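To start, the structure itself, in structure tokens.
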Amino acid sequence: MTEPARSRTPTGGWIERPSREQIVLGVLVLAGIVAFPLLNPGYRLLSLAVTTGFTAIALYGLALQFGQAGILSVGHAGIVGVGAYAAAIIATQFGAGFWLALPVSIAASAFAAALVGMPSLRVGGQHYIIITFCFSALLVIALTNGGTLTGSATGLDVGLIAPVFGINFALIKNAYALVSGFLVVCIVVTYVIVNSPYGRTLRAIRENEPLARAVGINSNRHKIGVFFLSGAFAGLAGILQTYYLRHISPPLYGAFPSLYLALMIMLGGARYLYGPLIGAIIVTFLPEVGHLDPIDARIAYGVALLAVILLLPGGVSGGVAELYRALVARWQRAPAAPASVSPPPSAG
Amino acid sequence: MAALEIIGIHKKFGGVVALAGVDITIETARITGVIGPNGSGKTTLFNVVAGAFPPTAGRVVWQGEDITGKRSYDIARRGVVRTYQQSMSYPALSVRDNVRIGCEHGRAPNLRTAARWQSADEILDFVGLGGLGDVTAGALSFGNLRRLGLAVALGAEPLLLLLDEPAAGLSDSEGAALTELILSFPQLGLGVCVIDHDMALMGAICEHLVVLNFGTKIAEGTPQDVLNDATVLDVYLGTGT
């Protein structure tokens, strides 16, 4: 019997086994998502939760390229817009509904993101940021001048999502179920990517690109790959937003929304699994909880961003994770105090 | 067997000539040293061989195949892996993950036979970092960081290792321990080429020495021959008359 050609698995399986903490946290988050509508939050809060859901989906894409590969985009809303408009255009031109448009939107955003990312291979990080910023600004101009195809400044309308098994997605609680279902899929996909060898490859590029190339990583190919993935998440977010709002217009995808997405990812923490979700929740619910008008909210976002950069470089999720580790370390040290040498940290 | 042939390599940066026609043959299963004062073109030579940038003229042939101007990752996948003098690791990742990244790339996609190493931890044990797998690479001491740099490169299953000043910045005892480690590489069937300007270190580990000065080869041979060569002494110590 011959050995399989690639029997090497440097430490066990292809994907890391989740730790006990990760499983507990996953169950808690899932329980929270399921329980939220059962608490009778009312239409206003449920609709904010739907907004949080599709925003978080877009952020999971941004987290892959920024948190894992280390490449920040400030044009992510533009990529979301490509998917959103792809769905709206094929709805108005060909009468295609949500389910037919879904793969089209995802593919359109993914290819757009890969295309926008190409120039970044030749230039350094800051240049890519400027390119993405210009992209979202240019997209708004193009959409505003797109005549009847894009609906110009007025934008486009879409119909309702066709019911599946008699579920009417016009009801807010069903819209919530749809968006949070996709959100859970995105979180699982992100977990798999981050904990696979591919996630490690992306982190190698983030940490030390020359060294990554010296051990055989084609960093350019993987960068385009992660832009593509990031764009796919953005496209999904775009079509969900389109069919939730039922009307889209160019300003939704301009420079300001893009900056908000970058703000949310830094606020929540790009390197932790629930960072994007936390960022989306904070920014979406902050004005509601704090009774802030839009101007005050912008000021609050600015202050929050400065505070996070200064105090929590890993975002809120990074800060919570650090706090948890510190507490565990203290709790473990207390009973083992008599031991002169602390045991090495065991795996798991 | 000649594994790597460097044939007539020229490299110019604008008007500056870094390499002016260098010919070196590196054989596997022994340690070759390239020595020369600062600015003699040692690192430029590595950069050309490992694919960081193409030469202005000349060829690099690896196992009979012309690899001149190929990308660095392509060259690594063929089994020629370099280390860096300064940035040796992925600082925010664990020591184990640093090595796993090497294991998952390098020659792995083309590797038909069983790998030399069964796990990243086995490599860490070999380089003397056993038990440090869970530590963040950025928290390692400089000496351990040098060892990690070697472990990352070993993970990529190289056939020829290019080491860029592997002992720079180490204390005498750390340097001696690392030297011992490097001396064991040929027994793994691994070709090694070291660049450094430390004559004593190079005399101790290399079986074959090449001396560069101002981008040209001025001497070549066994360490004893080279270190007694009049031209070499002149470059290193000055004429004294």
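What follows draws every value from the coordinates through simple rules; no lab data is involved. Note that the structure is a prediction, hence the values are computed from the model and not measured. Quick reminder, even Gly has a Cβ in these numbers, built from the backbone with ideal geometry, and neighbours come from all protein chains shown.
The residues in region A:143-176 that are touching a strand residue (DSSP E or B) at 6+ places or on another chain (Cβ under 8 Å), farther than 19 Å from A:Gly83 by Cβ and in contact (Cβ under 8 Å) with a residue 24 or more places away in the chain can be counted, and the count is 0.
Here is a yes/no grid of residues against (1) out of contact with any Cys (no Cβ under 8 Å at 6 or more places or on another chain); (2) surrounded by fewer than 22 Cβ atoms within 10 Å (Cβ to Cβ); (3) outside any helix (DSSP H, G or I); (4) of a type in the set (D, E, K, R):
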| residue | (1), (2), (3), (4) |
| --- | --- |
| B:Gly8 | yes, yes, yes, no |
| B:Val17 | yes, yes, yes, no |
| B:Gly21 | yes, yes, yes, no |
| B:Val34 | no, no, yes, no |
| B:Gly39 | yes, yes, yes, no |
| B:Thr43 | yes, yes, no, no |
| B:Val49 | yes, no, no, no |
| B:Arg59 | yes, yes, yes, yes |
| B:Ile75 | yes, no, no, no |
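All of A:Gly181, A:Gly235 fail the test of being crowded, with 22+ Cβ neighbours inside 10 Å and either within 14 Å of another protein chain (Cβ to nearest Cβ) or assigned to a helix (DSSP H, G or I) (or both), apart from A:Gly235.
Restricting A:Arg213, A:Arg271, A:Arg203, A:Arg246 to those that are away from chain B (no Cβ under 14 Å) and charged (D, E, K, R) reduces the list to A:Arg246. Taking region B:2-19 as the range and being touching a residue at least 40 places away in the same chain (Cβ under 8 Å) and over 22 Å from B:Leu163 (Cα atoms) as the test, the residues that pass are B:Lys12, B:Val17. Within the set B:Ala219, B:Ala168, the sole residue that is touching an Asp or Glu at 6+ places or on another chain (Cβ under 7 Å), not in a helix (DSSP H, G or I) and not β-branched (Val, Ile, Thr) turns out to be B:Ala219. For A:Leu211, state whether it is over 28 Å from A:Glu16 (Cα atoms) and buried (at least 19 other Cβ atoms within 10 Å of the Cβ). So A:Leu211 does not fit the description; no.
Residue-wise test of (1) aromatic (Phe, Trp, Tyr); (2) within 21 Å of B:Thr179 (Cβ to Cβ).
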position: B:Ile31; (1), (2): no, yes
position: B:Ser40; (1), (2): no, no
position: B:Phe46; (1), (2): yes, yes
position: B:Val49; (1), (2): no, no
position: B:Gly58; (1), (2): no, no
position: B:Lys70; (1), (2): no, no
position: B:Arg78; (1), (2): no, no
position: B:Ser89; (1), (2): no, yes
position: B:His105; (1), (2): no, no
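Looking only at region B:23-74, residues that are away from chain A (no Cβ under 14 Å) and within 17 Å of B:Asp196 (Cβ to Cβ) come to 17 in all. Is at least one residue of region B:86-99 farther than 20 Å from B:Pro166 by Cα, under 19 Å from the mean Cα position of the chain (by Cα), in contact (Cβ under 8 Å) with a residue 24 or more places away in the chain and more than 7 Å from chain A (Cβ to nearest Cβ)? No, region B:86-99 contains no residue that is farther than 20 Å from B:Pro166 by Cα, under 19 Å from the mean Cα position of the chain (by Cα), in contact (Cβ under 8 Å) with a residue 24 or more places away in the chain and more than 7 Å from chain A (Cβ to nearest Cβ).
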